[in-house]
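What follows is a single structure, written as structure tokens, with notes after it.
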Amino acid sequence: MIVASFSNVSKSFGKNSALKDLNLEVKKGQAVALLGPNGAGKSTALTILQGLRQPTTGTVRIFGQKPGTPDAMARIGVTPQTTDFPPQLSPRELLEFASAHFQRPRNIDQLIETFALNTLIDRRVQGFSGGERRRVALALCFAGNPELVILDEPTSGLDAAGQKDFSIMANQFVADGGALILTSHYWLEIESIANHIVMIDNGITVMDGTVPDIKSAFGLNHISFFSATPGPHIKKNYQLENENWELVTNDSDDAVRTLIKSGEPFSNLKVTPRDLEEAIAIYRQKQTANADQNGAVQ
């Protein structure tokens with residue numbers, strides 16, 4: 001089931017294009033990470049999805065409707081990059097106020113427990129730290145028992161424990177059939193939550209796929225071992241780095257089988273999957289090289 005979609009969506013501000021023919025789908029039970037450098041158009045896309053801005057061209061649908069309709073708004077939760085609250089109110093009062101706007105809100109006591117608000121719940125937010133305010137903002141995002149959550153840098157300001165707790169909660173939300181779209185600069189968070197990656201740059205989609213597909217597309221298994229007397233197979237296929245022979249490949253199983261069949265001596269074999277950050281970096285390097293090559297040809 002498609003929860004939200006962008007179809008050939010462009011957005012211009014005067015002569016500046018924030019989005020150019022963006023295509024994106026978010027399905028039930030899917031966690032999509034929307035990535036890109038600062039100014040790529042991520043926040044613009046999220047504000048359009050909320051109905052806060054209108055696309056210049058193209059079509060956006062959320063639960064089959066135009067964004068911003070009362071029914072669509074009742075089925076989403078949002079945590080923007082920055083939030084502010086009336087200083088005299090407590091988290092409990094904020095949660096009660098937000099919950100009153102939904103037909104099937106989440107239990108407030110469960111939200112308090114999930115987002116570790118026990119010691120904060122009846123204090124005024126005026127003296128809260130940035131991390132404490134962020135926990136309140138995340139709890140408010142889920143107060144209406146949403147089917148889709150839109151999270152713009154959701155754990156900015158949280159400590160490591162808070163980030164881990166949020167990842168656990170987000171994974172459970174998706175496993176229960178919720179849909180999630182987030183932006184983040186924390187690679188560990190992206191890998192621990194997202195099962196799908198969309199990258200935009202200068203408003204254009206430049207990458208769209210699952211995390212395993214993106215990793216495998218760029219040969220991201222790292223093989224390393226020690227060999228004091230390497231033979232011709234090792235010397236031909238591996239690079240010597242800091243006394244270890246190394247190879248990056250997208251078929252480590254075949255490489256190890258071939259190494260064993262060669263009969264050449266080795267020890268301390270390690271096969272390590274390289275992370276998503278490296279995959280993205282390799283992709284961007286290839287994109288830059290292709291662009292430079294095309295420019296040279298022209």
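For the pairs LYS11/LYS66; LYS11/LYS215; LYS11/LYS42; LYS15/LYS66; LYS236/LYS261, note any where the Cα-Cα span goes beyond 19 Å.
LYS11/LYS215; LYS15/LYS66
Along each of the three principal axes of the Cα atoms of the stretch 43-167, give the extent in whole Å, ordering the values from largest to smallest.
Between the extreme Cα coordinates on each principal axis of the stretch 43-167 lie 47, 29, 27 Å.
Charges only on Cβ, +1 for Lys and Arg, -1 for Asp and Glu: so what's the dipole of the chain about the Cα centre, in debye to the nearest 20?
On the way: 28 positive and 32 negative charges, 144 e Å.
The calculated dipole for the chain is roughly 700 debye.
For the chain, what is the accessible area per residue in Å² when the probe is 1.4 Å?
Values: 15490 Å² over 298 residues.
Solvent-accessible surface per residue comes out at 52 Å².
Students often check this: by mean Cβ neighbours within 10 Å, which of 226-236, 192-202, 166-176 ranks highest, and how do the rest follow?
Working: 226-236: 13.2, 192-202: 20.4, 166-176: 15.9.
Taking the mean over residues of other Cβ atoms within 10 Å, the ranking is 192-202, 166-176, 226-236.
Could you bin all the Cα-Cα distances of the stretch 1-102 into 5 Å bins starting at 0 and give me the percent of pairs in each, rounded to whole numbers?
Histogram of Cα-Cα distances, whole percents per bin: 2, 10, 19, 21, 18, 13, 9, 6, 2, 0.
On a full-extension model of 0.36 nm per residue, what is the gain between GLN54 and SER12, subtracting their alpha-carbon distance, rounded to one decimal in nm?
Working: separation 42, 0.36 × 42 = 15.12 nm, distance 1.01 nm.
Roughly 14.1 nm would be gained on extension.
Could you work out which residue, out of LEU259, LEU49, LEU34, moves most in a Gaussian network model of the chain, that is, has the largest mean-square fluctuation with Cα springs under 10 Å?
LEU259
Report the calculated FRET efficiency for GLN81 and GLN103 (r = Cβ-Cβ distance, R0 = 35 Å), to the nearest 0.05. It would help to have the intermediate numbers written out before the result.
On the way: r = 28 Å, r/R0 = 0.81.
E(calc), rounded to 0.05, equals 0.80.
Towards the positive end of the charge dipole of the chain, with charges on Cβ (+1 Lys, Arg; -1 Asp, Glu), say which of THR83, SER262, GLN239 has the farthest Cα.
THR83
Using only Cα atoms, locate the centre of the stretch 115-168 and the centre of the stretch 53-99, then give the distance between them in Å, rounded to an integer.
The two parts, judged by their Cα centres, are 16 Å apart.
Around GLU191, with a cut-off of 12 angstrom between Cβ atoms, what is the net charge of the other residues, counting Lys and Arg +1 and Asp and Glu -1? Intermediate results must be reported in sequence, preceding the final value.
Working: positive: LYS215, ARG274; negative: GLU189, ASP275, GLU277, GLU278.
With Lys, Arg at +1 and Asp, Glu at -1, the neighbours total -2.
Show me 60-72, 263-275, 132-144 ranked by packing, highest mean number of other Cβ atoms within 10 Å first. Can you show the working numbers first?
Working: 60-72: 16.1, 263-275: 13.1, 132-144: 22.7.
Final packing ranking: 132-144, 60-72, 263-275.
Work from the charge dipole of the chain (Cβ charges, +1 for Lys and Arg, -1 for Asp and Glu, about the Cα centre) and give the residue of GLY14, SER99, ASN195 farthest towards its positive end.
Most positive-ward Cα: GLY14.
If eta is 0.890 mPa s and T is 25 °C, what Stokes-Einstein diffusion coefficient results for the stretch 119-226, Kirkwood Rh from Cα pairs, in µm²/s?
Values: Rh = 16.0 Å.
The Stokes-Einstein estimate is 153 µm²/s.
Within the stretch 112-141, whose backbone N sits under 18 Å from a point 7 Å along Cα→Cβ of GLN88?
122-128
Which three lengths, in whole Å and largest first, does the chain cover when its Cα atoms are put on their principal axes?
The principal-axis extents, from largest down, are 72, 52, 35 Å.
The values are calculated or read from the model by the stated rules, or taken from the named source; none is laboratory data. Note that the coordinates shown come from a computational prediction; the quantities given were computed from them, not determined experimentally. Every residue, glycine as well, gets a Cβ built from its backbone with ideal geometry; the counts of neighbours run over all protein chains shown. Please note that ligands, DNA and RNA were not included when accessible areas were found on the heavy atoms of the full protein model with its side chains. Shrake-Rupley method; radii C 1.70, N 1.55, O 1.52, S 1.80 Å.
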